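Bear in mind these aren't lab numbers, they're just calculated from the coordinates by the rules spelled out. None of these values were measured; they are calculated from a predicted model.
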Amino acid sequence: AQREAQMQRVPLLNDAYLPPGEADEADTLALYHSHRCHEDEDAMARLLEAHPPSEGTLTTSVLSLVVSACGAGVLSLPFALRCTGWLAGTGTLLVLAVASSWSLELIDMRARDLGATSYEAIGKMLYGPWFGLVIELLLFVLLSVAQVTFLVLLGDMLPSLCAHAFGSAGGVCTRRGSIGMSLLAASLPSLLSRLHALRHVSFGSLLCLTFLLSIVLLELVRDVFSGELARAEGATTSAVMPLNSRSWLAAFPIQTAAFCNQFNMVQVQQELRQPTPERLATVRLASISVCAALCCAYGFAGYA
């Protein structure tokens, strides 16, 4: 009975009971390990939140960069080739493609050297916090202008398309309704913070670009067989070089925007599985090649 009185039943994590001295030591060790486990779990959760696991593939990375560069602006490339002529316009596009590939390589190298995890972070680390704010402001202006251009284009095209499909001009078939629905549809994917999560949206955008290009090419084939292209052949073949410097300067901003995807390069680097220099070089060259092919196809087909 005295022995049992001295034995204090101290519960442990495994529901065992030990004498007072051994119980205190074992319980303290168990609580210590439990506390360390919780700390490790919290630290791992914070680490995964700050640095999610890499899920990007070569295909999704190339797709993200292509869709970032090629959007509604490709419809302006025929006008750009008209201003510059097909020879000077094609030469300008190729030079800009090489320059864009080089700029993507420089961004990749600096992000690796500095350990930057975003496009703005490179500016902050090199020139201070104020420069990162400048980059964010410029990106806001750039993407806002692109969004407004996209909405205006849809506001001009969707009402006639909806009226032709549904035979009604009310609701979404109005210009305001088309812009409102387009803005709502474009705002929902913007809640996602990772490019890999937008892979389906990017694939759908590329399908839309390909479908629109097929329509332009079909119109070109129709013009060839109807003889309209032959009647305009003289004016087409003579427009090799820009008529003056003003016409070339009018087309240059349009051609420059055709390869504007540098702001997503660091994010692609962060999300790509095994982001070795060789794999990133593949992503860079493939994306620029696809962008150049799409731009030249849209420009030539629309110009002709």
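Once amide H atoms are placed 1.01 Å from N in the peptide plane, what residues at a sequence separation of 5 or more from Ser118, or on another chain, have their amide H within under 5 Å of its amide H?
none
Using amide H atoms built 1.01 Å from N in the peptide plane, name the residues 5+ places from Leu272, or on other chains, whose amide H lies under 5 Å from its own.
Residues meeting the amide H criterion: Gly56.
Just to check I understand the Karplus step: with θ = phi - 60° and J = 6.51 cos²θ - 1.76 cosθ + 1.60, what whole-Hz values come out for segment 110-127, glycine and proline as x?
5, 5, 5, 5, 8, x, 6, 10, 8, 5, 5, 5, 5, x, 5, 6, 8, 10
Using amide H atoms built 1.01 Å from N in the peptide plane, name the residues 5+ places from Leu195, or on other chains, whose amide H lies under 5 Å from its own.
none
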